[in-house]
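*Asks:* Questions regarding the structure given below will be posed in turn.
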Amino acid sequence: AINEAINKRAGRKLLPSIATSLSLMAGVWALLKYFPAGFAALVALALVLAIKELAHAFSSTDTYVSKRSLMISAVGLSAGAWFGGIRGLAIGLGIALCLMLIALLRKGPHGFVKSASASVFALVYLPFLAGFLILLARPSNGLERVMTFVILVSCNDTFGYVVGVLLGKHPMVPTISPKKSWEGLVGSIIFTAIGGYLSFKYLL
């Protein structure tokens, strides 16, 4: 009954969310510990799935983006970040941008600006930024670096969720996400700061 009450108030199921998060953390830890290159492949796979979802969101607003081009770019940028570091990521972004815009131009001028803007946003927002997660994993202490990142994200999400469920009364953006509250935001900030302090002190 308590679990059902929490689910109703928070707008999502608590126990499956926790199980999914713990499973992902265990998988990431194992890859970084025993097969670091597999972590880069996991990030690339996650990007492909995320791009599919983002492209669907764009299509609902009648905005064209090439899923295939973005997916290929995601794999390329992930490989560039893993094998070439920051230079590989930067060069990969430049190549992907040029090829993607050329491909869009071949479709004609109609809607080009709209499609190009959406494509560039998708490329930078997902594959490019995720490349920095791969960069964190490259050094000898990559496991500790990525685990610190995971702890920070988990503290932000989990304690924003918990504080929002227990104390949330003032919605932040009710028309977009009615379950998000200012109290949850404060909880996220406070507990992420605490998690960051402990991670940097004991992991790094």
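The values are calculated or read from the model by the stated rules, or taken from the named source; none is laboratory data. Treat the numbers as computed from the prediction; the structure is a model and nothing was measured. In this analysis, Cβ positions are derived from the backbone assuming ideal geometry, glycine residues included, and neighbour counts consider all displayed protein chains. Keep in mind that these areas ignore ligands, DNA and RNA; they rest on the heavy atoms of the full protein, side chains included. Shrake-Rupley method; radii C 1.70, N 1.55, O 1.52, S 1.80 Å.
*Asks:* Could you tell me whether LEU104 is surrounded by 13 or more Cβ atoms within 10 Å (Cβ to Cβ) and over 17 Å from the mean Cα position of the chain (by Cα)?
*Replies:* yes
*Asks:* Out of LEU32, LEU126, I need the residue that is in contact with a Gly (Cβ under 8 Å, 6 or more places away or on another chain), part of a helix (DSSP H, G or I) and within 30 Å of PHE159 (Cβ to Cβ). Which one?
*Replies:* The conditions single out LEU32.
*Asks:* Then there's this: Does ALA40 count as surrounded by 13 or more Cβ atoms within 10 Å (Cβ to Cβ), in a helix (DSSP H, G or I), at pLDDT 90 or above and in contact with a Phe, Trp or Tyr (Cβ under 9 Å, 6 or more places away or on another chain)?
*Replies:* yes
*Asks:* Pairs needed: first member in the range 189-204, touching a residue at least 60 places away in the same chain (Cβ under 8 Å); second member anywhere, part of a helix (DSSP H, G or I) and open to solvent by less than 80 Å² (accessible area, probe 1.4 Å); C-beta distance under 9 Å; at least 6 residues apart or different chains.
*Replies:* Hits for this filter: LEU204/GLU144; LEU204/THR148.
*Asks:* Out of the residues in the range 165-193 that are modelled with pLDDT of 90 or more and open to solvent by less than 60 Å² (accessible area, probe 1.4 Å), state the one that is nearest to GLY27 (Cα to Cα).
*Replies:* Once the filter is applied, the top-ranked residue is THR192.
*Asks:* May I ask you to say which residue of ALA90, ALA81, ALA74, ALA1 is open to solvent by 40 Å² or more (accessible area, probe 1.4 Å) and modelled with pLDDT of 95 or more?
*Replies:* The match here is ALA90.
*Asks:* Which residue out of SER154, SER69 is assigned to a helix (DSSP H, G or I), in contact (Cβ under 8 Å) with a residue 40 or more places away in the chain, farther than 27 Å from ALA193 by Cα and open to solvent by less than 50 Å² (accessible area, probe 1.4 Å)?
*Replies:* After ruling out the rest, the residue left standing is SER69.
*Asks:* Moving on to the next point. Residues of the range 43-65 being within 17 Å of the chain's Cα centre (by Cα), crowded, with 18+ Cβ neighbours inside 10 Å and either under 16 Å from ARG145 (Cα atoms) or not aliphatic (A, V, I, L, M) (or both), which ones?
*Replies:* Listed by number, the list holds a single entry, VAL43.
*Asks:* Let me ask something else. Which of (1) open to solvent by 50 Å² or more (accessible area, probe 1.4 Å); (2) at positive phi does LYS114 not meet, given it meets every other one?
*Replies:* (2)
*Asks:* Cβ-Cβ under 9 Å, sequence separation 6+ or interchain: first residue in the range 89-114 and within 14 Å of VAL65 (Cα to Cα) and outside any helix (DSSP H, G or I), partner open to solvent by 50 Å² or more (accessible area, probe 1.4 Å) and of a type in the set (Phe, Trp, Tyr). Which pairs?
*Replies:* Listed by first residue and then by second, the contacts come to LYS107/TYR64; GLY111/TYR64.
*Asks:* Let me confirm something: among GLY11, GLY27, which residue is modelled with pLDDT under 95, open to solvent by less than 100 Å² (accessible area, probe 1.4 Å) and in contact with a strand residue (DSSP E or B) (Cβ under 6 Å, 6 or more places away or on another chain)?
*Replies:* GLY11
*Asks:* Given the conditions (1) open to solvent by 50 Å² or more (accessible area, probe 1.4 Å); (2) among the aromatic types (Phe, Trp, Tyr); (3) closer than 21 Å to LEU49 by Cα, which single one is not true for PHE128?
*Replies:* Just one mismatch for PHE128, condition (1).
*Asks:* Also, I was wondering about something else. Before we move on, is LEU129 without any contact (Cβ under 8 Å) to a residue 12 or more places away in the chain and either under 30 Å from LEU45 (Cβ atoms) or of a type in the set (Gly, Ala, Ser) (or both)?
*Replies:* Details: without any contact (Cβ under 8 Å) to a residue 12 or more places away in the chain: yes; either under 30 Å from LEU45 (Cβ atoms) or of a type in the set (Gly, Ala, Ser) (or both): yes.
When the stated conditions are applied, LEU129 passes them.
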